[in-house]
Amino acid sequence: VKSLSERLSQVEFMKSLSDQATDQNYCTPSGIISDACCEYETVEKMNDDLSPRLRELIKTDFFKYYKLKLYKECPFWSEYGQCINQACAVETTDETDVPEMWRSNVLGALQTSQAGTLFQPFIKCEYTDQDFCVVEDETDSEGVFVNLLDNPERFTGYAGTSAGRVWKSIYEENCFNVVSSMDPANNNLASVPTSKNQLPEDMAQKIDTTDIEEVCFEKRVYYRLISGLHSSISIHICDEYLNQTTGQWGPNLECFINRIGSHPERLQNIYFSYVVLLRAISKAADYLNGYEFCTGDKIQDLQVKAMVGELVNKTRSCPETFDEKQMFASPESRSLKEEFKNRFRNVSRIMDCVGCDKCRLWGKLQISGLGTALKVLFSYEDEFFNPKVNPNLLTRTEIVALFNTFHRFSESLTSIERFSQMYQEKINEAAKSEIESTKSIINQLLESLPEKYIEAIISIKDLLSSYLIQFNRLIIQQLEYWDIPVPVLLTSSTAS
């Protein structure tokens, strides 16, 4: 009897989860995005419109080739945690396969001084005063071209001490010491799933904002961008996960629940980072509309220009998402701007300490994309984005990084919806399985009882039911006497 009672309690719990998952659309936040100017639902509608355009845009030659210095020495510690898995490797592209105008010898020749071959130009800095991250230099002969489509961001098996050290350094040394306030459960997102059947009781829990509100706006924005990037990367890993038993790639629900689904603040930070990127592209719309997307193929260049124009104009027509003018507005907060830049630049350097080549590639690219968005939002006023006046405001690598990063966050929002549906299906299946199992046990129990006991149980059940109906009718009479509306559930329980 005790065992049966426990199983019935489990049935009730699974049933409540099933109902909650269906009614609340689990793992889908609602309302105003904290520190932003729009609602989650608005962002999801915008992404439904923008995501197909982004998917097509990043397939073009201009946006699929990215040049970076992939193999730079880690500037902070000796990195011995190299990933030896084949999935960690990056397939580079020979310069002869990219448009001639992007090749190092051509770009280098364009910058040759008329002072002669003995003249040595100044060494180019890694960044300017306007930059929020280390900027990749396409003229660098040590840089390599990568076809991003041939090196998708997904699970590589890279984890453990090396991965943990990178994120620990970012959060503990470069996030203004606000991690404990912003994400008390900030465990290592680089870990792999530990339970094959883990299902949280409440994936839609609310965040205690008491400590968060004590952190100044600028520091909250900084942390949310870093957390949003980290969480988005984790979603890509879970969405393109290798089942080492079957050898098949596909979404891993348990991975998503462990890393993101059971931490609503991380989920919300993905949305926040998305709206910041959206606002940056909208602000730079005039510049991007006037930019020459040159690959040497005039037909494709015109197509890319049209695609970019259509996309950025869509972002400009979107409702306001983020107000950058609130940042560094007071005399007290203006001193934070330089520290904000330096810490973000530091994060871009830390990415050179990632032991997995593919993880390093996507980490460097997306930090550059976010850094470019911050540069657009906080280094220039609106009038600077006139392409005729300032034609070289952004480099090709910055534009490629910006749009590919926006695409990555767009795919994260799409994946969240997919994982939410998977979660609902899993909960419903578990509830049905538990109910069927319990019914089977009850039937077996009844079959093992003598017939006279079964008849007695049925008689007691009928007697109790009749008493309950009479009791409910008395309650209804009293409610009607007091002129109180009678609940439908109570009325239906008295129907004979």
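Here Glu172 and Lys69 are evaluated by their C-beta separation; at R0 = 25 Å the FRET efficiency comes out at 0.45.
Need one word for the range 242-297: rounded, prolate or oblate. Basis is the Cα gyration tensor (sqrt eigenvalues a ≥ b ≥ c); a/c below 1.5 gives rounded, then a/b vs b/c decides. Oblate is the answer for the range 242-297, as a/c is 1.5 or above yet b/c matches or exceeds a/b. As a calculated quantity, the FRET efficiency between Tyr380 and Thr92 at R0 = 25 Å, using C-beta atoms, amounts to about 0.15.
For Cys216 and Lys45, a Förster radius of 45 Å and the Cβ-Cβ distance give a FRET efficiency of 0.90, rounded to the nearest 0.05.
Pairs exceeding a 23 Å alpha-carbon distance, out of Lys67/Lys314; Lys64/Lys305; Lys59/Lys388; Lys67/Lys305; Lys283/Lys314; Lys298/Lys388: Lys67/Lys314; Lys59/Lys388. Residue separation of Ile441 and Tyr127 scaled by 0.36 nm, minus their Cα-Cα distance, works out to 106.1 nm of gained length.
Every number in this text was worked out from the coordinates using simple rules, so none of it is lab data. All figures in this text were calculated on a predicted structure; none of them were measured in a lab. All Cβ positions, even for glycine, are placed from backbone atoms using ideal geometry, and neighbour counts span all protein chains on display.
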